[in-house]
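A quick write-up on the structure given underneath.
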Amino acid sequence: MEVVELNHPLIEHKLAILREEKTGTKEFRELISEIAMFLCYEAMKDVKLKKTVIKTPIEEMTTGKLEEDKYAFVPILRAGMGMLDGVITVVPNAKIGHIGMYRDETTFEPVNYFFKVPKGIEKREVFLLDPMLATGGSACDAIDLLKSKGVKKINFLCIISAPEGLKAVSEKHPDVKIFTAHIDRELNKNKYICPGLGDAGDRIFGTK
Ligand code: PRP
Ligand code: URA
């Protein structure tokens, strides 16, 4: 399985503040967005640029430019929306889709309630966004939906992941590359990530 964990002191520092119970909504949201930007930076490390001739104030040069609309960001609602600001800061002209999904509180199974992706999604490389990869059920179903639309290249960007979720995604979708800021220890009996950060959606939107 291809899993990239961001090992960097700046990320650990930001995660420490993010995880803290006392961190309020504004700071939590800002940190989710910033860490998403770093994940996007890492996930786009190998993209191909289009050879372009530009003119600096001094001379002409041949360099590379990103063909931004070859890429699509797809947040899994709600919590994935928290990562969108960060990634569109770095790739502002990427296309954006939305997948609505929530985890049933008793069965922990994902329930899909919305699916809207840009026209021509099958030709784009997709970056699926969700801060939390717990059992992996939501990620696997979201990837199934994208594949059913013909998407061939999918990357999954998450802030915190559990080993259980990484295993589930890599077994069902071994072709999907996972980028995570941190791999945590395990899930508890309520399928929350330990030590984790609690409920990402509630902390981003201040709903609890
Ligand atoms: C959270 C999280 C993921 C999912 C992860 O969303 O944002 O989508 O749970 O759990 P899983 O890996 O076990 O499927 P939640 O269902 O709480 O919905 P929300 O984003 O609306 O808060
Ligand atoms: N969803 C969350 O928001 N947090 C977890 O720890 C697990 C699933």
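The values are calculated or read from the model by the stated rules, or taken from the named source; none is laboratory data. This is a predicted model, so every value here is computed, not measured. Because the Cβ atoms are built from the backbone with ideal geometry, glycine has one as well, and the counts that use them run over all protein chains shown. These accessible areas exclude ligands, DNA and RNA; they are computed on the full protein's heavy atoms, side chains included. Shrake-Rupley method; radii C 1.70, N 1.55, O 1.52, S 1.80 Å.
One Cα centroid belongs to segment 124-188, the other to segment 1-58; the line between them spans 17 Å. Within the accessible area of segment 64-208, the carbon and sulfur atoms contribute 53%, probe 1.4 Å, all protein chains present. Here is how the number arises for the chain: DSSP H runs of 4 or more residues each give -39500 (n - 2.57), the sum is divided by the residue count, and the result at 222 nm is -10000 deg cm²/dmol. Which part of segment 85-104 falls in the paramagnetic zone of Ser148, meaning amide N under 19 Å from the point 7 Å along Cα-to-beta-carbon? Correct set: 97-104. Remark on the chain: Rg and Dmax equal 17.4, 65 Å (Cα only). Computed from the C-beta positions of Thr107 and Thr25 and an R0 of 25 Å, the FRET efficiency is 0.30 to the nearest 0.05. Among Val53, Val47, Val176, the sequence by solvent-accessible area, most first, with a 1.4 Å probe is Val53, Val47, Val176. Mean separation of Cα pairs under 8 Å and 6 or more residues apart, divided by the residue count, gives the chain a relative contact order of 24 percent. Here's the list of lysines a cross-link from Lys26 could span, going by alpha-carbon distance under 19 Å and ignoring same-chain residues fewer than 8 apart: Lys14, Lys208. Spin-label model, Lys116/Ala16: points 7 Å from Cα along the beta carbon direction are separated by 4.2 nm. Evaluating kT/(6 pi eta Rh) at 20 °C and 1.002 mPa s, with the Kirkwood radius of segment 114-156 over Cα pairs in the Stokes-Einstein relation, gives 198 µm² s⁻¹. Measuring spread by the Cα atoms of segment 60-132 yields a radius of gyration and Dmax of 15.1, 62 Å. Here's the picture: a label point sits 7 Å out from the Cα of Lys191 along the beta-carbon direction, and within segment 74-88 the residues with their amide nitrogen under 18 Å of it are 76-80. The simple spin-label model puts a point 7 Å past each Cα toward its Cβ; for Leu66 and Lys208 those points are separated by 3.4 nm. A DSSP coil position with no more than 14 other Cβ atoms inside 10 Å describes the following GluC sites (Glu not before Pro) in segment 59-146: Glu59, Glu67, Glu105.
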